[in-house]
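Below: the structure, in structure tokens.
The values are calculated or read from the model by the stated rules, or taken from the named source; none is laboratory data. Predicted model only: the values in this text are computed from it and were never measured. All Cβ positions, even for glycine, are placed from backbone atoms using ideal geometry, and neighbour counts span all protein chains on display. Side chains included, ligands, DNA and RNA excluded: accessible areas come from the protein's heavy atoms. Shrake-Rupley method; radii C 1.70, N 1.55, O 1.52, S 1.80 Å.
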Amino acid sequence: MISVDNLSLKFGKRTLFEDVNLKFTQGNCYGVIGANGAGKSTFLKILTGEMDSTSGQINITPGQRMAVLSQDHFAFQEDEVLKTVIMGHKKLYKLMSEKDALYMKPDFSEADGNRAAELEAEFAEMDGWNAESDAAALLSGLGVEESLHYKKMKELGGDQKVRVLLAQALFGTPDILVLDEPTNDLDAETIAWLEDFLVNFKNLVIVVSHDRHFLDTVSTHIVDIDFGKINIYTGNYSYWYESSQLAAKQRTDQNKKAEEKRKELQAFIDRFSANVAKSKQATARKKMIEKLNVDEIKPSNRKYPGIIFKPEREAGDQILMTEELSLSENGTTYFKDVNLMVDKGDKIAFISRTKQAVSRFFQTIMEETKPERGSFKWGVTINKAYLPNDNSSYFNTDIKLIDWLSQYTDNQEEAYVRTFLGRMLFTGEESFKKASVLSGGEKVRCMISKMMLQNPNFLILDEPTNHLDLESIHALNNAIIEFTGTVLLSSFDHAFVQSVANRIIEFTPNGTIDRRMPYEDYLENAEIKALRDKMYAKS
């Protein structure tokens with residue numbers, strides 16, 4: 001168990017949160033949410049002892065082991081992958097290292113033998129003989145192939161390192177598990193594996209995530225950081241979200257009624273306060289106003305962007321057609337013989353187990369990459385807007401945001417351009433920020449502003465929820481649901497894809513699978529599962 005007593009954190013005059021009193025108990029999973037900058041990761045650092053609070057205490061049940069998902073992807077460069085995982089259980093790894101060092105001594109003494117016997121007994125008690133097999137099972141579940149288990153960490157790619165560090169945190173059944181954005185860089189199958197692991201995990205879990213489906217699946221409680229406070233609510237994310245929206249509406253309605261009553265009383269006072277005959281009534285109403293308790297709704301840190309994609313013209317019947325479109329590079333087949341007819345109003349989710357396959361397809365139809373063979377043809381009425389996975393090339397400039405966005409419209413009126421920046425929460429002085437200094441989330445919001453300016457009837461979205469907070473994800477999700485045009489998208493956000501897509505297309509090294517059905521039906525269909533495994537099998 002973890003208890004948080006009178007916790008406060010201040011940076012100068014700014015208070016991030018104060019007077020926080022919480023209890024995290026065994027057997028529960030706590031999903032931590034809050035607007036960007038609210039202090040989610042900071043709170044986790046305080047819980048894990050990586051950072052000190054301004055005041056208050058964190059108390060952990062004595063003897064309980066805490067495991068934390070490491071954010072340093074270069075901390076174990078010279079270590080073997082399997083050993084890196086076992087290092088997650090520090091006591092066990094230290095014991096193993098001491099035991100191995102003893103047996104390697106050339107002058108092994110009787111005292112060494114006695115110490116080795118002690119270590120062996122403790123090692124067996126900690127189930128040390130199964131450590132390597134347990135670590136290997138975790139790695140395999142997280143999609144790290146067995147051929148990589150004995151390589152050094154520096155030989156792995158970034159996405160594989162993330163999986164190894166996640167296995168390290170999960171290893172050895174810790175009493176307390178702290179995970180900050182554990183689904184980053186994971187594919188749908190691996191996220192599903194992690195969800196199952198955490199659902200069956202018997203101890204305490206505290207997790208920060210922007211993945212709504214993940215939070216819904218694993219969370220028993222939601223930890224909400226807002227209003228400078230931290231509160232715990234029972235239930236998963238969707239339950240919290242619907243409840244919070246209802247509570248906010250009820251508070252607004254209550255305040256509206258109270259304010260209307262106040263205005264009614266004040267109008268009477270203003271009208272009759274100088275009238276001797278009515279003065280007693282006016283005084284009585286003034287006292288009523290003083291007693292009227294209007295609970296102001298404290299402004300939330302949460303801000304929802306105003307995303308609306310409004311097509312300038314309706315698309316014709318000819319949308320997009322591809323014929324035998326294929327791309328392979330350096331022995332990797334990204335997509336092969338793609339014969340695709342996109343219909344008007346389609347909202348197609350593209351998926352693949354092959355990294356970069358969908359991104360390369362989008363780059364191809366946007367004429368950023370030449371196909372190996374085949375062709376594609378756009379309808380003449382199509383006005384397309386593209387959100388690439390890698391948007392860095394758009395921001396290699398020191399111009400101000402208002403000038404950056406002005407590049408993409410013929411209407412050069414400052415008020416017009418500011419409107420689209422404002423919709424994506426760039427208000428006041430923020431519109432004069434340099435494009436080169438933006439964060440990942442700010443860049444995505446700028447790209448969405450650019451897309452709205454285009455009034456497109458066709459959207460191409462490559463991992464659009466990356467770097468966005470939950471509020472922006474909600475706004476974008478709703479905008480795509482309401483969009484009347486055609487959409488091609490790629491996303492590991494399960495809830496986003498499930499709520500938007502009416503058609504799933506999967507690229508495999510041996511061809512394409514194309515089904516008109518919801519995303520969850522596609523993933524759970526036994527026949528499709530068998531077909532997918534066959535299509536990914538090495539020729």
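At a glance:
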read-out	value
16 Å Cα-Cα reach of K23 towards lysines, excluding residues that sit fewer than 8 places from it in its own chain	K229
Positive minus negative residues near P518 (Lys, Arg vs Asp, Glu; Cβ under 12 Å)	+1
Cα gyration tensor shape for segment 1-74, rounded if a/c is under 1.5, else prolate or oblate	oblate
Once the Cα gyration tensor of segment 105-158 is diagonalised, semi-axes √(5λ) in Å	33, 16, 7
For segment 1-147, fraction of C-alpha pairs farther apart than 25 Å, in %	51
Segment E260-N396, extension gain: residue separation times 0.36 nm, minus the distance between their alpha carbons	43.8 nm
From the C-alpha gyration tensor of the chain, square roots of 5λ in Å	46, 39, 20
Relative frequency of Cα-Cα separations exceeding 23 Å in segment 423-539, percent	42
FRET efficiency estimate (nearest 0.05) - Cβ-Cβ, K377 to K229, R0 60 angstrom	0.60
Accessible carbon and sulfur surface of the chain relative to its total accessible area, %, 1.4 Å	48
Candidate lysines - alpha carbon under 19 Å from K344, same-chain residues fewer than 8 apart omitted	K310, K377, K384
Under 17 Å from K355, Cα to Cα: aspartates and glutamates that are on another chain or at least 8 residues apart	E145, D159, D185, D187, E189, E329, D390, D462, E463, D493, E506, D533
CD proxy at 222 nm, helix term only [per DSSP H run n ≥ 4: -39500 (n - 2.57); per residue of the chain; nearest 500]	-12000 deg cm²/dmol
³J(HN,Hα) computed for each position of segment 372-387 - Karplus, 6.51 cos²θ - 1.76 cosθ + 1.60, integer Hz, glycine/proline x	5, 7, x, 8, 8, 9, 8, x, 5, 8, 7, 10, 9, 10, 10, 10
Cα centroid separation - segment 183-231 against segment 1-77, whole Å	16
Sequence ranges 484-495, 119-130, ranked by mean other-Cβ count within 10 angstrom, highest first	484-495, 119-130
Accessible surface, the chain, averaged per residue in Å² (probe 1.4 Å)	50
For segment 376-417, the spread of Cα positions along each principal axis, largest first, Å	37, 26, 10
Cross-link pairs beyond the 19 Å C-alpha cut-off, checked among K256/K303; K400/K450; K91/K154; K105/K152; K161/K336; K10/K40	K256/K303; K91/K154; K105/K152; K161/K336
Rg followed by Dmax, in Å, when segment 127-169 is reduced to its Cα trace	10.1, 31
Under 19 Å from the R313 label point (7 Å along Cα→beta-carbon), backbone N, segment 401-438	409-411
